[in-house]
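**Q** I'd like to ask some things about the structure below.
The values are calculated or read from the model by the stated rules, or taken from the named source; none is laboratory data. Note that the structure is predicted; figures quoted are calculated from it, not measured. Here Cβ is always computed from backbone atoms with ideal geometry, including for glycine, and neighbour counts include all displayed protein chains. Remember, those area values only see protein heavy atoms, side chains included, never the ligands or the DNA or RNA. Shrake-Rupley method; radii C 1.70, N 1.55, O 1.52, S 1.80 Å.
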Amino acid sequence: TRRRYDRRRITGVSTTPLPTPNETRGPVGPDAPFQEYPLTAMRRVTATRLQQAKQTVPHFYLRIECAVDAALGLLARAKELHLDVTPSLTDFVVRAAALALRQVPRANSTWADGVVRVYDTVDIAVAVNTPKGLITPIVRAADRKDLGAIARETRALVTRAREGTLTPEEYTGGTFTVSNLGMYGVEGLYAIVNPPQSCILGVGAAVKRPIVAGNVVTVGTVMTCTLSADHRAIDGAVGAELLAALRAFIEQPGL
């Protein structure tokens, strides 16, 4: 018997359409029907690469919390200007990460056959969920673009990614990746490094929390950022320097 699902009644679940399932097999136990969904070519490639990354890359993780009230205020003011494209918090993180990588260039690197390649340009890949699977279009030279330019380019890349019209040059060759699941309410993300890159930044939701300043407790908005890094390419101190620089740019938008 096939099990039918009304996806509209399931809350908190992606509305990405599923592929046509194969025929349901007979139950292997009491009340155990199931369906099988074939992998798209993109999901198959993603599965292979991530399995290889998790098995061969010695990951370590560093986590910080950033106050984002000032950043959210800046984005709110930008929205009031009725720009053609209003920057999002993801765009803001991409810009902050690009400037932080300029300050800590060792993290803007890849592992390549026993050597570490440190790049002169900061090309940030942004993880995008599509009906066919995960893809990471790249904002080239993100450290040399302002927030508005990054927002416009990101929107165009995301649109083409979901339409399936990206060219290989638009999703290959990045030096760093940002993956944001905050829009789904996820507060922390320990992402898998996208080889040969040295680092990936997992971004969580901006949430209200008590903040202690001196002897005073106030309420502020904080966002968790978790760096996953390849220990062959960078050490913990380099990762810590990168996150310190990232936090400074996020918490002080004037920089």
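**Q** Considering only segment 166-189, I want to know if a residue exists there that is part of a strand (DSSP E or B), out of contact with any helix residue (DSSP H, G or I) (no Cβ under 8 Å at 6 or more places or on another chain) and free of Cβ contacts under 8 Å to residues at least 60 places away in the same chain. Before you say what the answer is, go through the steps one by one.
**A** Going residue by residue through segment 166-189, those that are part of a strand (DSSP E or B) are 176-180.
Still in the running and out of contact with any helix residue (DSSP H, G or I) (no Cβ under 8 Å at 6 or more places or on another chain): 177, 179.
If we keep only those that are free of Cβ contacts under 8 Å to residues at least 60 places away in the same chain too, we end up with 177, 179.
Yes - at least one qualifying residue is present in segment 166-189.
**Q** From the list 76, 112, which residue is more than 20 Å from residue 157 (Cβ to Cβ), open to solvent by less than 40 Å² (accessible area, probe 1.4 Å) and either over 16 Å from the mean Cα position of the chain (by Cα) or at pLDDT below 95 (or both)?
**A** On the way: 76 fails: open to solvent by less than 40 Å² (accessible area, probe 1.4 Å).
One residue alone meets the criteria, 112.
**Q** Also, I was wondering about something else. Might you let me know whether segment 81-95 holds any residue that is touching a Gly at 6+ places or on another chain (Cβ under 9 Å), surrounded by 15 or more Cβ atoms within 10 Å (Cβ to Cβ), within 23 Å of residue 236 (Cα to Cα) and not β-branched (Val, Ile, Thr)?
**A** No, because not a single residue in segment 81-95 is touching a Gly at 6+ places or on another chain (Cβ under 9 Å), surrounded by 15 or more Cβ atoms within 10 Å (Cβ to Cβ), within 23 Å of residue 236 (Cα to Cα) and not β-branched (Val, Ile, Thr).
**Q** Please work out if residue 193 is buried (at least 20 other Cβ atoms within 10 Å of the Cβ), in contact with a helix residue (DSSP H, G or I) (Cβ under 7 Å, 6 or more places away or on another chain) and part of a strand (DSSP E or B).
**A** no
**Q** Here's a follow-up. Taking only pairs six or more apart or across chains, which ones have beta-carbon atoms under 9 Å, a first residue in segment 70-86 that is without any contact (Cβ under 8 Å) to a residue 24 or more places away in the chain, and a second residue that is of a type in the set (Phe, Trp, Tyr)?
**A** 75/92
**Q** Sort out which residues of segment 115-135 are out of contact with any helix residue (DSSP H, G or I) (no Cβ under 8 Å at 6 or more places or on another chain), closer than 18 Å to residue 182 by Cβ and modelled with pLDDT of 95 or more, and write them in order of number.
**A** Across segment 115-135, the qualifying residues are 125, 127.
Table: residues versus (1) within 29 Å of residue 211 (Cβ to Cβ); (2) assigned to a loop (DSSP other than H, G, I, E, B); (3) touching a strand residue (DSSP E or B) at 6+ places or on another chain (Cβ under 7 Å).
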position: 63; (1), (2), (3): yes, no, yes
position: 78; (1), (2), (3): yes, no, no
position: 143; (1), (2), (3): no, no, no
position: 149; (1), (2), (3): no, no, no
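**Q** Within segment 227-255, which residues are charged (D, E, K, R) and out of contact with any His (no Cβ under 8 Å at 6 or more places or on another chain)?
**A** Residues satisfying the conditions are 232, 235, 241, 247, 251.
**Q** Modelled with pLDDT of 95 or more, in contact with a Gly (Cβ under 8 Å, 6 or more places away or on another chain) and β-branched (Val, Ile, Thr), is that true of residue 203? Can you show your working first?
**A** Numbers: modelled with pLDDT of 95 or more: yes; in contact with a Gly (Cβ under 8 Å, 6 or more places away or on another chain): yes; β-branched (Val, Ile, Thr): yes.
Answer is yes for this residue.
**Q** Go through (1) part of a helix (DSSP H, G or I); (2) open to solvent by less than 70 Å² (accessible area, probe 1.4 Å); (3) out of contact with any Lys or Arg (no Cβ under 6 Å at 6 or more places or on another chain); (4) in contact (Cβ under 8 Å) with a residue 12 or more places away in the chain for residue 155 and report which single condition fails.
**A** Residue 155 satisfies all of (1) part of a helix (DSSP H, G or I); (2) open to solvent by less than 70 Å² (accessible area, probe 1.4 Å); (3) out of contact with any Lys or Arg (no Cβ under 6 Å at 6 or more places or on another chain); (4) in contact (Cβ under 8 Å) with a residue 12 or more places away in the chain except (2).
**Q** Right, next: Is it the case that some residue within segment 46-60 is surrounded by fewer than 15 Cβ atoms within 10 Å (Cβ to Cβ), touching a helix residue (DSSP H, G or I) at 6+ places or on another chain (Cβ under 9 Å) and of a type in the set (D, E, K, R)?
**A** For segment 46-60, residues surrounded by fewer than 15 Cβ atoms within 10 Å (Cβ to Cβ), touching a helix residue (DSSP H, G or I) at 6+ places or on another chain (Cβ under 9 Å) and of a type in the set (D, E, K, R): absent.
**Q** Looking only at segment 223-241, filter to residues that are open to solvent by 10 Å² or more (accessible area, probe 1.4 Å) and of a type in the set (A, V, I, L, M); which one of those is farthest from the chain's Cα centre (by Cα)?
**A** Filtering first and then ranking leaves 237.
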